[in-house]
Amino acid sequence: MSLDHRSLATRLNGLIWLEVCNGCTQCSLRCAAGTQASRAEWEAIRRYVAQLSASEREAFEQTLKQSKQQSLGDGIEVTLCRFLDRKTNLCTIYPVRPLVCRLMGHVEWLPCPIHKIEHPMPRAAALEILEVYAQTERHSFEEWEQIAPLLDGVADSRT
């Protein structure tokens, strides 16, 4: 089956469970800075943030200002995703998260840390989707912020 960019989301929705993981935060340490998103995904994030209520937007802006540094011990530090709320360990853009985030737990190379997903997506289907996705223009969230700012005048800590 040949996929075009428009049918990618439809195909993905038919293959994996995309509902909220009932508050599970076990994969949050895998939410790293440098996550890539396509232009369509970045625009979806921008639209999502633009429709937040005043109180939701204030909370969102506070999340962007949080330190994203995480010590793993033995002198190893990682920078977590800018959209990860460090107070709750939840994703602030969960409904519009990009493909790589949606695949977490649903493909064999990004397994669910608590084994909640018993049957990952078939490898051939996952590779087919990734092949189409690889053809799209992608940048990290930090790079997209330079191209098409998410929020004008909102400071955030990317480190």
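Values quoted throughout were computed directly from the atomic coordinates according to the rules given, and no laboratory measurement underlies them. Just so it is clear, the model here is predicted, and its values are computed rather than measured. When we count neighbours, we look across all protein chains shown, and the Cβ atoms used for this are built from the backbone with ideal geometry, even at glycine.
Key figures for this structure:
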quantity: Translational diffusion coefficient (Stokes-Einstein; Kirkwood radius from C-alpha pairs) of the stretch 33-159 at 37 °C, 0.692 mPa s, in µm²/s; calculated: 205 µm²/s
quantity: Taking Val132, Val78 and counting other C-beta atoms within 10 Å, the order from fewest to most; calculated: Val78, Val132
quantity: Cβ-Cβ FRET estimate between Trp109 and Gln26, R0 fixed at 25 Å, reported to 0.05; calculated: 0.90
quantity: Bins of 10 Å, starting at 0 and running to the largest distance - Cα pair percent for the stretch 32-77; calculated: 21, 36, 30, 12, 1
quantity: Linear extension gain, Arg86 paired with Glu137, 0.36 nm per residue minus alpha-carbon span; calculated: 15.5 nm
